[in-house]
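The values are calculated or read from the model by the stated rules, or taken from the named source; none is laboratory data. Because the structure is a prediction, the values reported are computed rather than measured. All Cβ positions, glycine included, derive from the backbone under ideal geometry; neighbour counts span all protein chains shown. For the accessible areas, the whole protein counts, side chains as well, though only heavy atoms, and no ligand, DNA or RNA atoms are used. Shrake-Rupley method; radii C 1.70, N 1.55, O 1.52, S 1.80 Å.
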Amino acid sequence: GFDLEQQPDRPASLRAHLLAQLGQSRAETAALLLARRLVEELDEFGFLRTTLAELAARLGAAPGQAEAALALVQGCDPTGVGARDLAECLALQLAERDRFDPAMRRLVENLDLLERGERRRLRAKCGVDEEDFADMLAELRALDPRPCAGFQVERAETLIPDVFLRRAPGNRSSRQ
C-alpha cells in the first residue's frame, strides 16, 4: 500500500517490506508465524543461507511447515527473495515469467558449466540449438541475481540520550 511516511528516495528495509506483505497474507497463522521468523534469517541480499532442516529444528517446526513458510516468503516481492542460492533465485524469477521450462531448468541447474566456459556441453545438456541457446542466455542475463540489493540495510543504532540525570550528592529528598 501507499505510505505517506515513506520517502521515495529511501526504500524500506527488506525486512519491513516482507513483513508488510506477509501481514496481508491469508495463510494459516502457524505458517505465517514461521514465515516471519524466516524473514529474520535472510541475509542482506534476501538469501536464506541456513538449511530448512536446521531452521525447522531450531524453531521447533516440522520440515513440511518450514517448506510452507518458505513458500510464503518466496511468494513475496521482489521475486527471488528467500532463495537458498543463485540457481533458485533465477528459477523463481523464470517461473514468475512462465519461462521455467525443462531446457531452462537444465541451464539453471548447470550454471557451473557456464562459469567454466563449457557452452557446447551446456547447450547439449539443454537439448537446444545454438539460436535457442543464445536466446536462453539473453533471458538469463535479463534476470536480477540480487533482487533485494536495492533495499536499505537495517543497522542497529546506538541511542544517545538528550539529557543525563544524576542525583545530587547529599540531597536525599523523601516523598511523604
Apply the Karplus parameterisation 6.51 cos²θ - 1.76 cosθ + 1.60, with θ equal to phi minus 60°, to every residue of the stretch 142-148 and state each ³J(HN,Hα) to the nearest whole Hz, in sequence, with x for glycine and proline.
-> 6, 7, 9, x, 9, x, 9
Please quote Rg/Rh for the stretch 1-128 to two decimal places, taking the Kirkwood radius as Rh and restricting both calculations to Cα atoms.
-> 1.05
For the stretch 59-126, what D do you get in µm² per second when you plug the Kirkwood radius from alpha-carbon pairs into Stokes-Einstein at 4 °C and 1.567 mPa s?
-> 97 µm²/s
Probe 1.4 Å, protein heavy atoms only - accessible area per residue of the stretch 5-154 in square angstrom = 58 Å²
Which ³J(HN,Hα) values in Hz, rounded to whole numbers, follow from the phi angles of the stretch 58-70 under the Karplus curve 6.51 cos²θ - 1.76 cosθ + 1.60, where θ = phi - 60° and Gly and Pro get x?
-> 5, 8, x, 10, 6, x, x, 5, 5, 4, 5, 5, 5
Förster radius 22 Å - calculated FRET efficiency between residue 85 and residue 118 (Cβ-Cβ, nearest 0.05) = 0.65
Shape category assigned to the stretch 24-85 from the gyration tensor of Cα positions, a/c cut at 1.5 = oblate
